[in-house]
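Okay, so here's the structure we're looking at.
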Amino acid sequence: MKGLRAFCSGEYADLQLLCGGRALKAHRVVIGTQSKPLADRIESGSKEAKICTINLEDDKLPILKLLIEYFYTGNYRNPVLSGPLPANNGSLSEEIKIHEELYDMANKYEVPGLRHCITEKYKKYLDGSLQGFIASLEEIRDPRHPMHGIRAVAIGFAMQNYLRLRT
């Protein structure tokens, strides 16, 4: 947790990530060693690199914060998929969308460990939650969306629970 504390405090930060009108302090060694596209931007020799600032305004701040949390801790907080199904599917839908966007960001910044982490959280969530599986299908069904890992987990769950799903 020292890494996350260093991020939160900005202690010894040598990089700024600009997103959503905010400047998040980070550490080049943490960010650059886990994402080749971000490392390329850090080392590019551009004006952005020389002032140790990376503009990520195309990204969503809450999703970027989850990515950074993963960089510093190897995990990220996730209230719905790690707990029981919420009473209202609206919050599940929003939570699945957050993971979808985080999965997209993991693809964009080439962070395979994060993609694996997301699929493992989904797998853990599905354990014993037939209702959660059914509720999540609407969010992961679009084949144009690059959530192959999560879709594979859903297919595996459906195959293992075929008899329960038929009734």
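The values are calculated or read from the model by the stated rules, or taken from the named source; none is laboratory data. Quick caveat, the model's predicted, so the values are computed rather than measured. Don't worry about glycine lacking a Cβ; one is built from the backbone with ideal geometry, like all the others, and counts go over all protein chains shown.
Some observations on this one:
- Sub-7 Å Cβ pairs linking a first residue in region 19-37 that is without any contact (Cβ under 8 Å) to a residue 40 or more places away in the chain to a second residue that is outside any loop (DSSP other than H, G, I, E, B) and not hydrophobic (A, V, I, L, M, F, W, C), at least 6 apart or interchain, are A23/Q16; K25/Q16, ordered by first then second residue.
- Selection from region 11-43 of residues that are farther than 20 Å from D104 by Cβ and surrounded by fewer than 16 Cβ atoms within 10 Å (Cβ to Cβ): E11, Y12, D14, G21, R22, A23, V29, T33, E43
- In region 135-157, residue modelled with the highest pLDDT [restricted to those that are among the β-branched types (V, I, T) and closer than 17 Å to E94 by Cβ]: I150
- Qualifying residue in region 45-56 (condition: modelled with pLDDT of 95 or more, of a type outside the set (D, E, K, R) and in contact with a Gly (Cβ under 7 Å, 6 or more places away or on another chain)): no
- Any hit, region 158-165, residues being within 13 Å of the chain's Cα centre (by Cα) and modelled with pLDDT of 80 or more: no
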